[in-house]
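Scroll down for the structure; my scribbles are underneath it.
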Amino acid sequence: MSAAALSTEMEKRLQMQEPAPVIQASPPSSSKALSIPKRPGFGSKGQKIMVRANHFLVEVADRDLHHYDVSIRPEVKSKKISREIVNQLVMLYRVSHLGNREPAYDGSKSLYTAGPLPFMSKEFVVPLPDKDKDDRASSSGSSRKERREFKVVIKLVSKADLHHLQQFLHGRQLDAPQETIQALDVVLRAAPSAMYTVVGRSFFHPTLGQKGELGDGIEYWRGYYQSLRPTQMGLSLNIGIEIFLIYLPELSMNQFL
């Protein structure tokens, strides 16, 4: 048989054969949902002892927290001044426009209330004394008080549902509701932020403990750090002692000689 005839015969045989079915690989499947293994037990051997830790359990009331966005114009970069503006706003408008609620403010863009404010969005005009100009006026003998005006817009963003937090703390939900925990953390930090010097997540003040001088115009203050954290027993407020170093505001050249 010639090569041409052999080639023709092979083509006929290939055309007579049915193509093999294409088998697609199916994705792996599981009949069981994802579950986290439970701890088998706690301290079954040895002697039981009492351990004291700087953690304090926090009980949360079954009330929803409302999250509001805060916009201040002209723009203010200092959290301290931002807090002064919002504190002044609360003092002026709490009864008349805020439903007599006491908000918690983080010094930046977020404000929280237990229960809704009587509006979705509202603009407030807040006068604030200009301390720098007042000091200069006092030194020149003038009794005139200088004021700055700020426009503050408070707008509803969302509602932090504490039900999901309770579900997480009781092991019925895997994802930690970080936004709700952050809201509660801001609420717990609101009061000390208004009274003490705030550095990061810590608070310092001469009344919080012994203070002293380290020389070269440096003074130390005692303070504390606090952070709200979820634990297997519930929400825990972690508090730790810290030291803050500052330069004294008024120094004479003799202190450096």
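For the stretch 165-188, does any single residue satisfy the condition of being surrounded by 12 or more Cβ atoms within 10 Å (Cβ to Cβ) and part of a strand (DSSP E or B)?
Within the stretch 165-188, none of the residues are surrounded by 12 or more Cβ atoms within 10 Å (Cβ to Cβ) and part of a strand (DSSP E or B).
Restricting attention to the stretch 142-155, does a residue exist that is at pLDDT below 80, among the basic types (Lys, Arg) and not in a helix (DSSP H, G or I)?
In the first step, residues of the stretch 142-155 are kept if they are at pLDDT below 80; the result is 142-146.
Of the ones still in play, those that are also among the basic types (Lys, Arg) are 144-145.
Keeping just the survivors that are not in a helix (DSSP H, G or I) gives 144-145.
Looking through the stretch 142-155, at least one residue is at pLDDT below 80, among the basic types (Lys, Arg) and not in a helix (DSSP H, G or I).
Among the residues that make up the stretch 108-121, is at least one of them over 18 Å from Ser158 (Cβ atoms) and either aliphatic (A, V, I, L, M) or out of contact with any Leu (no Cβ under 9 Å at 6 or more places or on another chain) (or both)? Walk me through it before giving the result.
Start the filter on the stretch 108-121 by keeping residues that are over 18 Å from Ser158 (Cβ atoms), which leaves none.
No, every residue in the stretch 108-121 fails to be over 18 Å from Ser158 (Cβ atoms) and either aliphatic (A, V, I, L, M) or out of contact with any Leu (no Cβ under 9 Å at 6 or more places or on another chain) (or both).
Listed here are the residues, each with its yes/no results for (1) out of contact with any helix residue (DSSP H, G or I) (no Cβ under 8 Å at 6 or more places or on another chain); (2) farther than 14 Å from Arg148 by Cβ.
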| site | (1), (2) |
| --- | --- |
| Lys80 | yes, yes |
| Arg94 | yes, yes |
| Arg101 | no, yes |
| Ser108 | no, yes |
| Leu111 | no, yes |
| Phe119 | no, yes |
| Pro127 | no, no |
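Identify all residues within the stretch 73-101 that are surrounded by fewer than 12 Cβ atoms within 10 Å (Cβ to Cβ) and under 18 Å from Pro118 (Cβ atoms); write none if there are none.
If the condition is that a residue be surrounded by fewer than 12 Cβ atoms within 10 Å (Cβ to Cβ) and under 18 Å from Pro118 (Cβ atoms), then Met91, Val95, Ser96, Asn100 are the ones that fit.
The values are calculated or read from the model by the stated rules, or taken from the named source; none is laboratory data. In this text, all values refer to a predicted model and were calculated from it rather than measured experimentally. Cβ atoms come from the backbone with ideal geometry, glycine included; neighbour counts cover every protein chain shown.
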